[in-house]
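The values are calculated or read from the model by the stated rules, or taken from the named source; none is laboratory data. What you see is a predicted model; the values in this text were computed from it and never measured. We place every Cβ from the backbone using ideal geometry, glycine too, and count neighbours over all the protein chains shown.
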Amino acid sequence: MKKQLIVLISFISFFFTAPYASAVTPRIMGPEMEIINNNIIVNLYIDNITELETHIKSGIEKEIIFTVELLRAWRFWPDEFVVSKKIAKVIRYDNLREQYRATYYDGVIRRENHFKDYNSMRDWIFTADSINLANVKELEPGDYYIRVVVESKSLEQLPLLGFLMHFIPEVEMSLAKESIPFVIGDRQ
């Protein structure tokens, strides 16, 4: 009986973790930072997202969350958190209209887009452009860097037994990347 239970648990854990282990892993391209009119503007996108694309094409509703943080680097102290922006994008396929419905929410603005073409939807959902992170006039002089975290969640619940839901992670994909340090103002 114990042996059968161990085999069953092993099979279930393999069933839920095997699809997430792939040879090509997604990666964050960027973050590209530029200062325009004294504002720090950040651009980034996700590359090698074939597994995530497969899920979206099959009709599974996904949420992609971009979190962009500005941190001040200190030499002998822990780095100081300054500000962050979070952008959530949700994509779902509407079978009746044969189109993708995508929503965007950055904490203030909510937009909804409709896409017939998968490629244009893919470029929109996996890209975060023109994120206005902070105004450099409001920052103290020093060394700063940008940290980006991208997470993917499935918004549809799988029809499983209640006790198995504790073993399925809520976040399917989580990527993080930091920019190279940059200087704001004159250091003393």
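Condition test on residue 136, is it in contact with a strand residue (DSSP E or B) (Cβ under 8 Å, 6 or more places away or on another chain), of a type in the set (A, V, I, L, M), free of Cβ contacts under 8 Å to residues at least 60 places away in the same chain and closer than 22 Å to residue 34 by Cβ? Spelling it out, it is not the case that residue 136 is in contact with a strand residue (DSSP E or B) (Cβ under 8 Å, 6 or more places away or on another chain), of a type in the set (A, V, I, L, M), free of Cβ contacts under 8 Å to residues at least 60 places away in the same chain and closer than 22 Å to residue 34 by Cβ.
Flag: residue 77 does not match the condition of being of a type in the set (Phe, Trp, Tyr), modelled with pLDDT of 85 or more, in contact with a strand residue (DSSP E or B) (Cβ under 8 Å, 6 or more places away or on another chain) and not in a strand (DSSP E or B). Among the residues of the stretch 33-71, the ones that are assigned to a strand (DSSP E or B), over 30 Å from residue 137 (Cβ atoms) and either modelled with pLDDT of 95 or more or out of contact with any His (no Cβ under 7 Å at 6 or more places or on another chain) (or both) come to 4 in all.
Evaluation of residue 55 against the conditions (1) buried (at least 16 other Cβ atoms within 10 Å of the Cβ); (2) in contact with a strand residue (DSSP E or B) (Cβ under 6 Å, 6 or more places away or on another chain) shows that the sole unmet condition is (2).
Within the stretch 18-35, residues that are under 11 Å from residue 173 (Cα atoms) have Cβ atoms under 6 Å from residues that are modelled with pLDDT of 70 or more and among the charged types (D, E, K, R) in these pairs: 27/47, counting only partners at least 6 apart in sequence or on another chain.
Filtering the stretch 160-183 to residues that are in contact with a strand residue (DSSP E or B) (Cβ under 7 Å, 6 or more places away or on another chain), modelled with pLDDT under 90 and surrounded by 12 or more Cβ atoms within 10 Å (Cβ to Cβ) leaves 172, 173, 174.
Residues of the stretch 40-71 that are charged (D, E, K, R), under 14 Å from the mean Cα position of the chain (by Cα) and within 15 Å of residue 88 (Cβ to Cβ): 62, 63. Looking only at residues of the stretch 82-126 that are touching a residue at least 40 places away in the same chain (Cβ under 8 Å), among the β-branched types (Val, Ile, Thr) and within 30 Å of residue 140 (Cα to Cα), we find that the one that is surrounded by the fewest Cβ atoms within 10 Å (Cβ to Cβ) is 83.
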